[in-house]
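Below is one structure, written out as structure tokens; comments come after it.
The values are calculated or read from the model by the stated rules, or taken from the named source; none is laboratory data. Keep in mind that what you see is a predicted model, and the values were worked out from it rather than measured. Every residue, glycine among them, receives a Cβ derived from its backbone with ideal geometry; neighbour counts consider all protein chains shown. All accessible areas refer to the heavy atoms of the entire protein, side chains included, with ligands and DNA or RNA removed. Shrake-Rupley method; radii C 1.70, N 1.55, O 1.52, S 1.80 Å.
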Amino acid sequence: PRTNRALIADSDSIEALLNDSSIKASFATSLAESMVQGAIPRVAGFGLYESQLIPTTDGQYAFAVHPSAMAVAVRYLQPQAPGEYIEVKRLEDAQSGLTIGYRRHYNPGTGKHYLNLEAIWGKAVGVTAGLKRVATTA
């Protein structure tokens, strides 16, 4: 899709874009403040983000991604003996639907309170066309 896309690039690629004459010219009129800040908010319909975690040893220097590229599933783990805990809650993010379990208990042997946050989760490839590597052709 042409909406909600992002380009995540390494530092050298971001620097090259900041020094590109055609991009500088486009910022000269409408987005001069972005150039002053040293940031390009969007380029060619992609939100632009810098990452220092992209392994550049294989010639990859960026990737274009849409949220549909990954699917995540999370399920709440109901405690089998809720009476053993001081407090038990199911916490759910209304926007994303991600759910985690909250459990608080006390160990009289150690004199400590414990807090556990847990989830049963899984991941899978979503739409494979939702992520594309950008690499050199050398």
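Lysine pair count for the chain with Cα-Cα distance under 30 Å and sequence separation of 8 or more or different chains is 4.
Each of Asp20, Asp58 has its accessible area taken with a 1.4 Å probe; listed largest first, they run Asp58, Asp20.
Working from the Cα coordinates of the chain, the gyration tensor eigenvalues give, after taking √(5λ), semi-axes of 45, 18, 16 Å in decreasing order.
Among 6-19, 43-56, sorting by the average number of other beta carbon atoms lying within 10 angstrom of each residue, highest first, gives 6-19, 43-56. Averaging the sequence gap over all C-alpha pairs within less than 8 Å and six or more residues apart, then dividing by the number of residues, gives the chain a relative contact order of 27 percent. Were the residues from Ala135 through Leu115 laid out at 0.36 nm apart, the gain over their Cα-Cα distance would be 2.8 nm.
Helical content alone sets the calculated 222 nm signal of the chain at -4500 deg cm²/dmol, taking -39,500 (n - 2.57) per DSSP H segment of four or more residues and averaging over every residue.
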